[in-house]
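Below is one structure; the comments refer to it alone.
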Amino acid sequence: MAEAASSGSNSTSPPKDNGYIPGDDAWTICRNLWRGLTGKMTQEGMEQFRVARDIRNEKEDCKRCEDQRDYLLQYSPLIRFLQDNIQQLGGNISKHNIFCRRCKNRQAGGFDPDYGIQICANEMRNQGHLEDTLAHEMIHAYDHMRFKGGLGRQPETCCLR
């Protein structure tokens, strides 16, 4: 009888504490940072903290990403070189098909021939990181246009990854 009671109480017990404290106020954020730095937060708790931060900062991250994207499209020699070469193939990579969005998975960006380039604004550390990511995705766009999506033929995919 005691075993049945104890097993019933386990099903209603709170979930295991992972160290994360929900909240967006400055004090709670500092407490979570401290818990993460001192090892009092599990990986699961740190992931919850990261997701909450990304949601909280989404608008600012996307705005910063868009401003940096526009600057790079205008002034970065590497990005302009890639943009010119894509235009020579009949393509057009511009701010109208380079999108800054919050991403749920931990990647910097991606290219889709039907959609364009997506930059994960919440994963961008600085303008240099954005430039590297944008150049990487523009090379995928160039390869797609140059080789008509033929990703399976080895000699033609020298620029891929």
Next on the checklist: Residues that are part of a loop (DSSP other than H, G, I, E, B) and either among the hydroxyl-bearing types (S, T, Y) or modelled with pLDDT of 95 or more (or both): does the stretch 56-77 have at least one?
Outcome noted: yes
Checklist entry - Residues in the stretch 86-102 that are buried (at least 17 other Cβ atoms within 10 Å of the Cβ) and outside any strand (DSSP E or B): how many? => result 4
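Table: residues versus (1) under 20 Å from the mean Cα position of the chain (by Cα); (2) closer than 14 Å to Y142 by Cα; (3) acidic (D, E).
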| position | (1), (2), (3) |
| --- | --- |
| K59 | yes, no, no |
| I86 | no, yes, no |
| K95 | yes, no, no |
| G116 | yes, yes, no |
| N126 | yes, no, no |
Checklist entry - In the stretch 19-71, which residue that is of a type in the set (S, T, N, Q) and surrounded by 13 or more Cβ atoms within 10 Å (Cβ to Cβ) is nearest to K104 (Cα to Cα)? => result Q48
Item to check | Residue that is surrounded by the most Cβ atoms within 10 Å (Cβ to Cβ), among those in the stretch 105-148 that are under 16 Å from Y71 (Cα atoms) and among the β-branched types (V, I, T) | outcome: I119
Next on the checklist: Scan the stretch 15-36 and tell me whether some residue there is assigned to a loop (DSSP other than H, G, I, E, B) and modelled with pLDDT of 95 or more.
Outcome noted: no
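The values are calculated or read from the model by the stated rules, or taken from the named source; none is laboratory data. On a predicted model such as this, the values are computed, not experimentally measured, just so you know. Here the Cβ is made from the backbone with ideal geometry for all residues, glycine too, and neighbour counts use every protein chain on show.
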